[in-house]
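Worksheet for the structure shown next.
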Amino acid sequence: MRVIGYLRVSTQDQDLEKNKADILAFANERRMGPVDWVEEKISGTKDWRKRELGQVVAFLGKGDWLITPEFSRLARSTLQILEILAELKKKSVHVYVLKGAQHVNDSIESKVFLTMMALFAEIERDLISARTKEGLKARKAAGVKLGRPKGSGKSKLDQYRPEIKALIKTGSSLVYIAKRYKVARSTLHNWLKKNKIDRTPQP
């Protein structure tokens, strides 16, 4: 069993030592053994796959633990946090967040919690969508030519890939996802197949 203490700070004035002490106290109380530390001084808005956290998620396996002071240390976006948790849950990795004593595992409580997070992620997605539409409207009014270049081979779903994967993993139906992103179900099906995205929700 591997135990990772994950610490991320975005500014120099945030103290890692107190967070370390809290994580060690939790691990020692449960006799987990040694804790391996992963420390990053980087903005939580950066894609988690491009941070050291992405490597941590990749090598953790069944029965391992990831302990962090609070959810915002994983990422600033609810959508990114949901995707990280879904990926770790798929691998049967325990995630423990000290703030609020949240233990994300295969329990009913965790499933309820992830469902709530999915709802918050949808709200966040709606807000982002609204801001995007306002921005496009302003650009159009300014005479900027909009639309996808011909022959680009890209799909409008590409930009929502992390969100769609997270929704699938938390049990959202393809009908719901297609309706949400305003595409035909066949379009979504073909896009998932093309991008080799597993359509099986996590139990």
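Where a number appears in this text, it was derived from the coordinates with a stated rule and is not lab data. Since we're looking at a predicted model, the values are computed, not measured. Note that each Cβ is placed from the backbone with ideal geometry, even for glycine, and that neighbours are counted across all protein chains shown.
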* Structure fact -> Residues meeting the amide H criterion for Val9 (H placed from the backbone, H to H distance under 5 Å, 5 or more places apart or on another chain) are Glu40, Lys41, Ile42
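What is the gain in length, in nm to one decimal, between Ser107 and Ala21 on full extension, counting 0.36 nm per residue of separation less the C-alpha to C-alpha distance?
Working: separation 86, 0.36 × 86 = 30.96 nm, distance 2.74 nm.
Result for the pair: 28.2 nm of gain on full extension.
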* To do: Please say if region 3-107 is rounded, prolate or oblate, where rounded means a/c under 1.5 for a ≥ b ≥ c the square roots of the C-alpha gyration tensor eigenvalues, and otherwise the choice is prolate for a/b larger than b/c and oblate otherwise?
  => oblate
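Of the cross-linked pairs Lys91/Lys165; Lys62/Lys89; Lys50/Lys91, which ones have a Cα-Cα span greater than 18 Å in the structure shown? Intermediate results must be reported in sequence, preceding the final value.
Working: Lys91/Lys165 15 Å; Lys62/Lys89 9 Å; Lys50/Lys91 20 Å.
In this structure, Lys50/Lys91 lie more than 18 Å apart at Cα.
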* Hand me the chymotrypsin sites (Phe, Trp or Tyr not before Pro) from region 1-109 located in a DSSP loop with no more than 15 other Cβ atoms within 10 Å, in residue order please. => none
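Considering only DSSP states other than H, G, I, E and B, which GluC sites (Glu not before Pro) in region 33-93 qualify as loop sites with at most 16 other Cβ atoms within 10 Å? It would help to have the intermediate numbers written out before the result.
Numbers: sites: Glu39, Glu40, Glu52, Glu70, Glu83, Glu87; in loops: Glu70.
Counting only loop positions with at most 16 other Cβ atoms within 10 Å, the GluC sites (Glu not before Pro) in region 33-93 are Glu70.
I'd like the trypsin sites (Lys or Arg not before Pro) in region 1-76 restricted to DSSP loop residues with at most 12 other Cβ atoms within 10 Å, sorted by number. Don't skip to the end; give the middle numbers.
On the way: sites: Arg2, Arg8, Lys18, Lys20, Arg30, Arg31, Lys41, Lys46, Arg49, Lys50, Arg51, Lys62, Arg73, Arg76; in loops: Arg2, Arg30, Arg31, Lys46, Arg51, Lys62, Arg76.
The qualifying sites are Arg30, Arg31, Lys62.
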